[in-house]
1. So which residues in the range 1-38 are without any contact (Cβ under 8 Å) to a residue 40 or more places away in the chain, away from the ligand (no atom under 16 Å from the Cβ) and within 19 Å of D78 (Cα to Cα), if there are any at all?
2. Looking at the range 173-187, is at least one residue open to solvent by 90 Å² or more (accessible area, probe 1.4 Å), in a strand (DSSP E or B) and modelled with pLDDT of 95 or more?
3. Examine the range 38-50 for a residue that is part of a strand (DSSP E or B), within 25 Å of N194 (Cβ to Cβ) and either in contact with a strand residue (DSSP E or B) (Cβ under 6 Å, 6 or more places away or on another chain) or open to solvent by less than 60 Å² (accessible area, probe 1.4 Å) (or both), and state whether such a residue exists.
4. Scan the range 100-122 for residues that are farther than 24 Å from I23 by Cβ and open to solvent by 20 Å² or more (accessible area, probe 1.4 Å) and jot them down.
5. Look at G134 and say whether it is more than 16 Å from the ligand (Cβ to nearest atom) and small (G, A, S).
6. Answer yes or no as to whether T26 is open to solvent by less than 60 Å² (accessible area, probe 1.4 Å) and in contact with a Lys or Arg (Cβ under 6 Å, 6 or more places away or on another chain).
7. Can you say whether A60 is hydrophobic (A, V, I, L, M, F, W, C) and over 22 Å from G14 (Cβ atoms), as far as the supplied structure shows?
8. Pull up the range 130-140, narrow it to residues that are in contact (Cβ under 8 Å) with a residue 40 or more places away in the chain and open to solvent by less than 10 Å² (accessible area, probe 1.4 Å), then point me to the one that is nearest to the chain's Cα centre (by Cα).
Amino acid sequence: MSVYRKKVAVLISGRGSNMISLINATRTADFPAEIVVVGSNRPDAAGLSYARNEGIACFALDHKQYGKDREAFERDLDAKLEENGVELVVLAGFMRLLTPWFVNRWHNRLINIHPALLPAFPGLDTHERAIETGVKVHGATVHFVTAEMDVGPIIAQGIVQVEDTDDANRLGTRVLEIEHQIYPQALRLIASGNYRIHGMRVLATDK
Ligand code: GAR
């Protein structure tokens, strides 16, 4: 019996290496999601060319064209998602803050990956801050998006050891490898529907 494949949009701003790991995962036979569209706020995002070459529908909405009007940008973004029949939105290096309007509209249907073990190191420059702070473990988190940035029920985390010889670059490279493992796993769980949210916890349920 074939599985129902939830229709997913991946939103990116740059190279899209997480997007690539999701494209590869969703092409496996029993994966419960398919990427129907890739969108970017940057028309020159390298990941868009990759997705186009893979035959995936793409759109770019240049946020600079909207000036300070975040809601106008998001209304157009929302229209693109609706046009493509999207059921679940996956942020993969999408570097625009989303307003409460958009986040509420996609409540529990909007997930993000962050390059740190939340709630540690929300925001930017996570690898630099991990090294400066002296933590011995670091990693990445997939979570539901809520109105507050980098806060929201945690779906998956992956850890890396911080080595004495690390700089932000070396550490970030290993974190990225972990991101490429946990994002497809997290998407599989959420797209399958075999989970429940209990407060801040995302708990797997029986199939
Ligand atoms: C990833 O490390 C992702 O965790 C991070 O941007 C990078 C995108 O790389 N996202 C954030 O910092 C979001 N706040 P990619 O374009 O190669 O997937």
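The values are calculated or read from the model by the stated rules, or taken from the named source; none is laboratory data. Owing to the predicted nature of the structure, the values given are computational and were not obtained by experimental measurement. Using ideal geometry, Cβ is built from the backbone for each residue, glycine included, and neighbour counts are taken over all protein chains shown. All accessible areas refer to the heavy atoms of the entire protein, side chains included, with ligands and DNA or RNA removed. Shrake-Rupley method; radii C 1.70, N 1.55, O 1.52, S 1.80 Å.
1. E34
2. For the range 173-187, residues open to solvent by 90 Å² or more (accessible area, probe 1.4 Å), in a strand (DSSP E or B) and modelled with pLDDT of 95 or more: absent.
3. No, the range 38-50 has no match at all.
4. Hits for the range 100-122 are P100, W101, N104, R105, H107, L117, P119, A120, F121, P122.
5. The answer is yes for G134.
6. No.
7. The answer is no for A60.
8. For the range 130-140, the residue satisfying everything is A140.
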